[in-house]
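Here is the structure we will look at, set down as structure tokens.
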Amino acid sequence: MAETIYRKDYQAPSHWVDTVRLEFDLDPESTSVTSTLSVRPNLDLDTPQFDWVLNGESLTLVSVALNGTPLPETAYTLTDETLTLHNIVEPCEVTIVNRFSPQANTALQGIYVSGENLMSQCESQGFRRITYYPDRPDVLARFKVVIRAEKRRYPVLLSNGNPSDARDLDDGRHEVVWTDPFPKPSYLFALVAGNLVCQRELFELKDGRNATLEVWVEPRDLDKTAHTMESLKKSIRWDEERFGLELDLDGFRIVATQDFNFGAMENKGLNIFNARYALANPKVATDQDYANIESVVGHEYFHNWTGNRITLRDWFQLTLKEGLTVFRDQEFSSDMLGEESARAVERIKNVIALRQSQFREDASPMAHPIRPESYQKIDNFYTATVYEKGAEVIRLLQTLLGWETFRKGFDDYIQTNDGNAVTCEAFLEAMERASGRDLKQFKRWYSQAGTPRVTVMTDFDPKTGNYTLQVSQSTPATPGQSVKKPFLIPFPVSFMSETGDPLPVRLVGETTTSTDKRLFELTEERQTFVFTGFDHEPVLSLNHGFAAPIQLEIALNDTEGGMTAEQKTDKHRALQARFERDAFVRWDALNQLMLQSLRELIIHDIPGHHAEPISRTLMDAFDGVINDATISPAYKALLMTLPSETLIGDSLTLIDPQAVAHARQRVRTELGSRYSTSLNELVEANLTRGDYTPDAESAGRRSLVRVGLDYLMAATDKHGQLLACELAENATNLTDRLTGLTMVNQTRLQRKNDLLLKSLREWMSEPLLLNKWLAIIAGGPSMVGEDPVVDRVRELVNCAFVSLKNPNNVYALVLTFFMNNPAEFHRLDGQGYALWLELLEKTDKLNPHVAARIARTLENWRRYTPALADQMYMVLNDVLTRRDEFSPGVIEIVDKALNNPL
Ligand code: 0A1
Ligand code: ZN
């Protein structure tokens, strides 16, 4: 059983390391490392400790020496996970020699084999699989790295910092030396060896220095680096201009690998990227890939300051670097889009992702604050909460303090903490200094888990023209936190008339005539706001731009002309869908109308009872959107998209995935057949003609084509089907081709199998494309008369071209199925759960990190109908009773899923 580590138990390190010299003799079977550390005891501790505990896993120790003299075995203690050197009482030099096997390393942490190359991944605790070391983020040292390897096999040898020496050895090997001038924690160490080629450019920094930028790839991928290089240059420029931060090295390198557990890694000066976020050209990348690459390149580059120059004291502070860096990459992506409507689209996409993953997590047995208080495996806490909610919390500060004060606080944070390993307090204190505000209440966002529910009850008094909002906030209990205190929540408010005219936002007693939204603050459990100056009951808009990550519930009073509160809510949402100026609020209004319709259909979906699939109000709103030529294609696509099955399910008391899928299908069919003419016109009008470019405008058109076709497929519209086949076969860009195939895959057309097989044959030898193909199959529906999806996923897992050792294969095929195809996964016959257990067992033996991600797909089991929940309980329980057969990371998830009270 893994032990639980608590934030409150933090202790400063017993010893500091000033410099590290690492000498590698690389060999995939057995690599040898000689590590020379200059170390000194930390005499600032209340009780200095002279036993020095180093971490080490899956290593073979060869020797230990102190100031050049070999140590006898009595001078140290070795266990499976630690090497303790006794009596390190004064500054000294420790030399450790050890070995490990990159080939045997299928966990992809430490140094491992990827294709013909060697790659490293050290965050969070991979360095201890390379050598014995105090593998914790608060030990910062200067690294010098000497790499020796066979020159023919590994012509390129890279590490952090700057190359300082290179020479050939007389045994066919060569040696390269890298020196990193900046002290860093071990998790930022990187090493790459292989037969790689690069795109290289000189780039002039703001201060006139020239930096060498390189994107390293396998030779076959050299035609896929241009977009990554462009994104890197844009990121460097943006950080200079927007945050006044410059690149601090002479060179900056990005390396792509097909085998990687995460998206990418911000190692100092040597970022390593999952190929899907580093390789692009029109043949292998979709619009979404181009956008993702820009954002991930930005994210990793921005870490150079927020994460690397200022790093973490301990892993509990993860959101200090991740929340802040996600916030920065979101702002970057948004600035790159420039235009207001495109930025709004970007924001809405982020909100959808947050609701779908983070809100779900907040309501699960794994719920945790953005700064957790405890963990068993820190790798299980690289979560939507730490990253995405963490970014929202930073955004809250920007909203509350205003950009200028926020920027002042940011600068202060950088200046005060540069070169240090700090806690989240450092950031908040800088913001307090800049704003003069006490952020004590704000800090609850760091310690309380759960999504705050803000309920607003309205009342309109026609006699006085007053409009009263009674606002209350509460946050549901989460594991270990039954009672929550109120949060500080920014609360924007605006009003419009029923004809869409903006109305003044004026509190009783004020004289303003401004019709702009106004920002208020919620601080108490209950607050009342009385606005005035209305002839008629206004339409109320709240939480513009999704100012706060809350669940908002508005309960309108029902005194108007015999309408029920629900009818009035529908009416107001429809008015917002038509007239609202804030793009998020407008989208959300339509989205809520859709969600409401879907929920009603599910609740009333009793056999024999034919409820009307959609209300007149929703229909009119939808009609209005399709035919509104003033709405940009990208925004229109979002407005027209129904909530996902996952989001619909999460809005129900008990999730019945089949009922959800059925209801969604009915609404799609209804809208698709009713509006088939407009939809076909819309699709035709937005088809890509001519050369492909991934710019936001034309990408928006392609997303609209996809949404339009999706409705037409549900309606089995012949014209739509023809077009889908045409795209699947002949589209000149990958985005449309995938749209075509995804659409064809949900039909029963005769050509379907031919089209799917043809693309598989064509794409099999390009991993990026193969993964897209796998995801289409795993995410598609089962059609009558065909094998169910679960069988096809199982079959593909066992195909020679799919490997469970490759995380991207698992994510594309297995996780797409478990996460994005609820109706097929949660089958009543339990086939989905049987596959889950089988794949959890298999992947856990190879790669525990990937297995833990699979494990998480059942954590919400209690939220489902009993027939399903019982079966999920059984497989989870099966894992727990055989706990010794699984990795501690998987057990942490399963144990919490079963035993964390909610
Ligand atoms: N820090 C990287 C990604 C990353 C995530 C998890 C890790 O270990 C569990 C390691 C790296 C980023 O934010 O891009
Ligand atoms: Zn990050």
Accessible surface of TRP315 in the full protein assembly, 1.4 angstrom probe, to the nearest 10 Å²?
10
Over the heavy atoms of TYR187, what accessible area does a 1.4 Å probe trace out, to the nearest 10 Å²?
0
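What 222 nm value per residue comes from the helices of the chain, counting each DSSP H run with n ≥ 4 as -39,500 (n - 2.57) and dividing by all residues, nearest 500 deg cm²/dmol?
On the way: 27 runs with 339 residues, N = 902.
Counting only the DSSP helices, I get -12000 deg cm²/dmol.
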Sticking with the crude label model, points 7 Å out along Cα→Cβ, report the distance from GLU726 to ARG220 in nm, one decimal please.
3.4
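Which semi-axes, in whole Å and largest first, does the equivalent ellipsoid of the stretch 394-457 have when worked out from the alpha carbon gyration tensor as the square roots of 5 times its eigenvalues? Let's see the in-between values first.
On the way: eigenvalues 117, 44, 16 Å².
Each semi-axis is the square root of five times an eigenvalue, giving 24, 15, 9 Å.
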Which is farthest toward the positive dipole end of the stretch 13-58 among VAL33, TRP16, LEU45, measuring Cα position about the Cα centre, with Cβ charges +1 (Lys, Arg) and -1 (Asp, Glu)?
LEU45
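State whether the stretch 375-502 is rounded, prolate or oblate according to the following rule on the C-alpha gyration tensor (a ≥ b ≥ c being the square roots of its eigenvalues): a/c under 1.5 gives rounded; otherwise a/b larger than b/c gives prolate, and the remaining case gives oblate. Please list the in-between numbers first.
Values: a/c = 2.60, a/b = 1.55, b/c = 1.68.
Verdict is oblate for the stretch 375-502.
Work through the residues other than GLU566 whose Cβ is under 11 Å from its Cβ and net out their charges, Lys, Arg +1 and Asp, Glu -1. It would help to have the intermediate numbers written out before the result.
Numbers: positive: LYS568, LYS571, ARG573; negative: ASP558, ASP570, GLU600.
In short, 0.
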Expressed in square angstrom to the nearest 10, the accessible area of ASP25 with a 1.4 Å probe stands at 40
Using just the alpha carbons, could you tell me how many Å³ per residue the convex hull of the stretch 255-396 encloses?
127
With the 8 Å Cα cutoff and a minimum separation of six or more residues, the chain has a relative contact order in percent of 8
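Please list THR225, THR499 in order of solvent-accessible area, largest first, computed with a 1.4 Å probe with all protein chains present. Each step should come with its number before you reach the end.
Details: THR225 5, THR499 95 Å².
Descending order: THR499, THR225.
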Charge tally in the Cβ shell below 11 Å around THR82, where Lys, Arg are +1 and Asp, Glu are -1, THR82 excluded:
-4
Carbon-plus-sulfur fraction of the accessible area of the stretch 364-472, 1.4 Å probe, in percent?
44
What whole-number distance in Å separates the alpha-carbon centres of the stretch 457-524 and the stretch 346-374?
24
Starting from 0.36 nm per residue, how many nanometres of slack lie between ASP623 and THR513 once their C-alpha separation is accounted for?
36.2 nm
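Run through the DSSP bridge list for the chain and note the antiparallel percent, rounded to the nearest 5. Working shown, then result.
Numbers: 99 of 125 bridges.
Around 80 percent antiparallel, to the nearest 5.
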Given R₀ = 60 Å, FRET efficiency for THR455-GLU81 by Cβ-Cβ distance, to 0.05?
0.75
Put +1 on the Cβ of each Lys and Arg and -1 on the Cβ of each Asp and Glu in the chain; which of LEU749, SER364, ASN261 then has its Cα farthest toward the positive end of the dipole?
LEU749
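What is the Cα radius of gyration of the chain over 2.2 N^0.38 Å, N being its residue count? Walk me through the numbers on the way to the answer.
On the way: Rg = 28.5 Å, N = 902, 2.2 N^0.38 = 29.2 Å.
Cα-based Rg divided by the globular estimate yields 0.97.
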Taking the Cα centre of the stretch 326-421 as origin, sum charge times position over the Cβ atoms of Lys and Arg (+1) and Asp and Glu (-1), and report the length of that vector in debye to the nearest 20.
300
Between the alpha-carbon centers of the stretch 638-661 and the stretch 192-228, tell me the distance in whole angstrom.
44
For the stretch 761-902, with all protein chains present and a 1.4 Å probe, just round the carbon and sulfur fraction of the accessible area to a whole percent.
55
With a 1.4 Å probe and all protein chains left in place, how much accessible area per residue does the chain have, in Å²?
39
Over the C-alpha atoms of the stretch 458-512, what are the Rg and the largest Cα-to-Cα span, Dmax, in Å?
16.6, 49
Alpha carbon centre of the stretch 696-734 versus the stretch 233-308: separation in Å?
31
Find out how many positive minus negative residues lie around ASN543, taking Lys and Arg as positive, Asp and Glu as negative, among other residues whose Cβ is under 15 Å from that of ASN543.
+3
To the nearest 20 Debye, how big is the dipole of the stretch 217-294 about its Cα centre, given +1 on the beta carbon of each Lys and Arg and -1 on that of each Asp and Glu?
180
Farthest toward the dipole's positive end in the chain, which of PHE534, GLN441, LEU397, given Cβ charges of +1 (Lys, Arg) and -1 (Asp, Glu) about the Cα centre?
PHE534
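Working with all protein chains in place, sort MET366, MET764, MET457 by solvent-accessible area computed with a 1.4 Å probe, largest first. Don't skip to the end; give the middle numbers.
Working: MET366 5, MET764 75, MET457 100 Å².
Order by accessible area, largest first: MET457, MET764, MET366.
With all protein chains present and a 1.4 Å probe, how do SER514, SER698, SER482 order by accessible area, largest first?
Details: SER514 45, SER698 25, SER482 95 Å².
Reading off the accessible areas and sorting them downward yields SER482, SER514, SER698.
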Total lysine pairs under 19 Å (Cα atoms) in the stretch 292-439, excluding pairs fewer than 8 apart on one chain:
4
Taking the convex hull of the Cα atoms, report for the stretch 650-742 its projected area averaged over all directions, in nm².
6.9
With +1 on each Lys and Arg Cβ and -1 on each Asp and Glu Cβ, how big is the dipole of the chain about its Cα centre, in debye rounded to the nearest 20?
660
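The values are calculated or read from the model by the stated rules, or taken from the named source; none is laboratory data. Bear in mind that the values here come from a model prediction, so they are computed numbers and not experimental data. Heads up, the Cβs are rebuilt from the backbone with ideal geometry, glycines too, and the neighbour counts pull from every protein chain shown. Keep in mind that these areas ignore ligands, DNA and RNA; they rest on the heavy atoms of the full protein, side chains included. Shrake-Rupley method; radii C 1.70, N 1.55, O 1.52, S 1.80 Å.
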